[in-house]
Amino acid sequence: MKRNNSWSRTLFLAANYVFLIGASILCLLPLLHVLSVSLSSSAAAMGGLVGLWPVQFTFDAYTYALKKPEFLVALMVTLKRAVLGTAVSMFLVVLTAYPLAKEATRFKWRTVYAWFFVTTILFHGGLIPSYMTIKTLGLLDSIWALVLPGAVAVFNIILLLNFYRGLPRELEESAFMDGAGHWTTLWRIYVPLSTPALATITLFTVVGHWNSWFDGLIYMNSPENYPLQSYLRTIIIGKDMQLMTSVDLSELANLSERTIKSSQIFLAALPILAVYPFLQRFFVKGIVMGSVKG
């Protein structure tokens with residue numbers, strides 16, 4: 001197929017590149033500003049002198065943040081939630097998407113189950129029923145209150161089942177002819193071949209768990225059980241009253257409420273920034289192949 005190299009196409013591509021580069025820069029500017037504030041002195045940060053480059057460079061805010069037990073405990077809660085929540089959610093999504101990807105002639109009640117899951121996207125019970133359910137099950141103030149409510153992600157199921165439908169049916173038939181059952185076919189054929197879709201869904205799930213803060217405030221009665229984003233929310237909208245009591249007077253010159261908040265915000269975003277590039281290469285392929293019906 002011959003590519004059109006006309007001036008209009010060249011202009012269109014140039015405009016696309018300019019727009020995308022500009023949008024990327026706009027997304028990076030706030031993060032760079034937060035990083036610069038966290039690496040600046042207290043006087044520069046409080047005086048509004050920091051732009052996109054640190055003023056009076058110092059690591060004191062990061063030293064304080066990494067020594068703060070509340071921050072480290074919240075970080076461990078979020079790490080535990082992200083790992084456990086992603087593992088549970090991916091296991092349930094894979095098991096649910098496999099039978100829903102079958103034809104109605106092979107799975108008689110497939111349409112009923114599919115509409116049952118789709119209905120949960122359109123209608124929600126509300127905050128109070130959700131809280132009462134978690135309380136009745138005895139999950140309040142536990143890690144399972146952060147993991148189980150969103151474990152079966154219907155949007156991820158839809159992406160994965162459409163990806164499964166795009167796989168050649170002959171692969172499954174040949175496996176059955178060799179004596180394999182559904183369980184073996186799922187884990188030996190479907191899962192290895194659906195790496196792009198699984199990587200995309202894993203990225204969605206990890207980022208969702210990492211950035212979630214509201215459920216931590218609702219379901220956690222003890223502040224020491226807060227996930228990281230819930231903890232950051234409490235210090236961002238309120239005052240860090242421990243600053244004046246837990247920091248030596250000699251350190252106050254390079255520490256302020258603003259620099260400490262900025263350092264903790266950047267530390268909270270750093271793990272996702274480190275993981276995202278490794279999964280990005282699967283992102284577009286997984287979305288495209290999982291969103292088109294096979």
(request) Look through 171, 161, 198 and report the one residue that is assigned to a helix (DSSP H, G or I), touching a Ser or Thr at 6+ places or on another chain (Cβ under 9 Å) and under 28 Å from residue 277 (Cα atoms). (result) 161
(message) Only one of 94, 18, 73 is more than 26 Å from residue 228 (Cα to Cα) and within 22 Å of the chain's Cα centre (by Cα). Can you tell me which?
(response) 94
(request) Please tell me if residue 218 is of a type outside the set (Asp, Glu), in a helix (DSSP H, G or I) and modelled with pLDDT under 90. (result) no
(message) Just to be sure I understand, how many residues within region 167-198 are surrounded by fewer than 18 Cβ atoms within 10 Å (Cβ to Cβ), in contact with a Lys or Arg (Cβ under 8 Å, 6 or more places away or on another chain) and in contact (Cβ under 8 Å) with a residue 60 or more places away in the chain?
(response) 0
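The values are calculated or read from the model by the stated rules, or taken from the named source; none is laboratory data. This structure is a prediction, so every number in the text was calculated from the model and none was measured. Positions of Cβ are generated from backbone atoms using ideal geometry, with glycine treated the same way; all protein chains shown enter the neighbour counts.
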